[in-house]
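Novice: I am attaching a structure below and will ask some questions about it afterwards.
The values are calculated or read from the model by the stated rules, or taken from the named source; none is laboratory data. Please read all numbers here as calculations on a predicted model, not as lab measurements. Positions of Cβ are backbone-derived with ideal geometry, glycine not excepted, and every protein chain shown enters the neighbour counts.
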Amino acid sequence: MAVFCWTIFRRIRAFSGLKIASPGTYNQAVGFAASKPVVPARQLRLVPRSAKHGNGGTFNQFGDFVMARRRKSLVKPRLIAFNRQAGRCFYCEQPMWINNLDEFASSHRLKPSKAMRLKCTGEHLQAHSEGGSADRTNIVAACAYCNRLRHQRKEPPTPEDYKALVSRRLSQGKWHGLRL
């Protein structure tokens, strides 16, 4: 395995916040031998972004981990989806909140801990790791509870299947225990 070059080292240090002085220090920290050659940045070719490697990065042709490009912010698409869905969750269709937890909790007579489940999050219909983008056609607003539980599964179901599951569980009274 080749040793990281300066370009990649700087990128890792900038995005991860690591307190490392030089690539040599980094290589010693992760166990690379100092005798291995340094690979110039121009020789590095990244695997296509569609390849699944997780952890916010990918591997180059030499098997070294390389940081991925920074994701686009979901703030604006989430707000657009929230307004388009009239402030309701895409899956459970319960009202959600974006800015003011206390106001939402008091208006719906909920404890703040229960109201946290209904915080608005941006949900990718096609996962980012599978090539999904952050544009408004791929982002919907979902409550934190639905979003978290969908992604805790080994194989997250399709949005349509998950919406049907949530609807079925809500009708049985076995979802998040909130009907507003």
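Novice: What residue, of ARG84, ARG117, ARG109, is modelled with pLDDT of 90 or more, basic (Lys, Arg) and more than 27 Å from ALA164 (Cβ to Cβ)?
Specialist: On the way: ARG84 fails: more than 27 Å from ALA164 (Cβ to Cβ); ARG117 fails: more than 27 Å from ALA164 (Cβ to Cβ).
When all the criteria are applied, what remains is ARG109.
Novice: Please give the number of the condition LYS119 fails out of (1) more than 18 Å from ILE98 (Cα to Cα); (2) surrounded by 15 or more Cβ atoms within 10 Å (Cβ to Cβ); (3) of a type in the set (Lys, Arg).
Specialist: (1)
Novice: Something else now. If you go through region 153-176 one residue at a time, how many are of a type in the set (Gly, Ala, Ser) and either at pLDDT below 90 or surrounded by fewer than 12 Cβ atoms within 10 Å (Cβ to Cβ) (or both)? Break it down stepwise before answering.
Specialist: Initial filter on region 153-176 (of a type in the set (Gly, Ala, Ser)): 164, 167, 171, 173.
Next, only the ones that are either at pLDDT below 90 or surrounded by fewer than 12 Cβ atoms within 10 Å (Cβ to Cβ) (or both) stay: 171, 173.
Within region 153-176, residues that are of a type in the set (Gly, Ala, Ser) and either at pLDDT below 90 or surrounded by fewer than 12 Cβ atoms within 10 Å (Cβ to Cβ) (or both) number 2.
Novice: From the residues in region 54-77 that are of a type in the set (D, E, K, R) and either exposed (fewer than 13 other Cβ atoms within 10 Å of the Cβ) or assigned to a loop (DSSP other than H, G, I, E, B) (or both), which one is modelled with the highest pLDDT? Lay out the reasoning, then the answer.
Specialist: Residues of region 54-77 that are of a type in the set (D, E, K, R), as a first pass: 64, 69-72, 76.
Add one more test, that the residue is either exposed (fewer than 13 other Cβ atoms within 10 Å of the Cβ) or assigned to a loop (DSSP other than H, G, I, E, B) (or both), and what stays is 64, 69-72.
Details: ASP64: 63, ARG69: 62, ARG70: 68, ARG71: 70, LYS72: 76.
Among those residues, the one meeting the criterion is LYS72.
Novice: Scan ARG117, ARG150 and give me the residue that is within 22 Å of LEU178 (Cα to Cα) and touching a His at 6+ places or on another chain (Cβ under 6 Å). So that I can check it myself, show each step before the final result.
Specialist: Details: ARG150 fails: touching a His at 6+ places or on another chain (Cβ under 6 Å).
So the residue among ARG117, ARG150 that is within 22 Å of LEU178 (Cα to Cα) and touching a His at 6+ places or on another chain (Cβ under 6 Å) is ARG117.
Novice: Out of the helices (runs of 4 or more DSSP H) lying entirely within region 78-174, which hold 2 or more residues that are in contact with an Asp or Glu (Cβ under 9 Å, 6 or more places away or on another chain)? Lay out the reasoning, then the answer.
Specialist: Values: elements: 101-107, 112-115, 144-152, 159-171.
Qualifying helices (runs of 4 or more DSSP H): 112-115, 144-152, 159-171.
Novice: Which one is surrounded by the fewest Cβ atoms within 10 Å (Cβ to Cβ) among residues in region 86-97 that are out of contact with any Leu (no Cβ under 7 Å at 6 or more places or on another chain) and not aromatic (Phe, Trp, Tyr)? Reasoning before the result, please.
Specialist: Taking region 86-97 and keeping what is out of contact with any Leu (no Cβ under 7 Å at 6 or more places or on another chain), we get 86-91, 93.
Restricting the remaining residues to those that are not aromatic (Phe, Trp, Tyr) gives 86-89, 93.
Values: ALA86: 9, GLY87: 16, ARG88: 18, CYS89: 26, GLU93: 17.
Among those that are out of contact with any Leu (no Cβ under 7 Å at 6 or more places or on another chain) and not aromatic (Phe, Trp, Tyr), it is ALA86.
Novice: Out of (1) at pLDDT 90 or above; (2) in contact with a Ser or Thr (Cβ under 9 Å, 6 or more places away or on another chain); (3) under 18 Å from LEU74 (Cα atoms), what's the single condition that is false for GLY131?
Specialist: (1)
Novice: Could you grab the pairs with beta carbons closer than 8 Å, sequence gap of 6+ or different chains, first residue in region 89-114 and farther than 20 Å from LEU149 by Cβ, second one of a type in the set (Lys, Arg) and loosely packed, with under 11 Cβ neighbours inside 10 Å?
Specialist: ALA105/LYS111
Novice: Follow-up question, since we're still on this one. Among the numbered criteria (1) without any contact (Cβ under 8 Å) to a residue 12 or more places away in the chain; (2) under 15 Å from GLN85 (Cα atoms), which single criterion is violated by GLU160?
Specialist: GLU160 satisfies every listed condition except (2).
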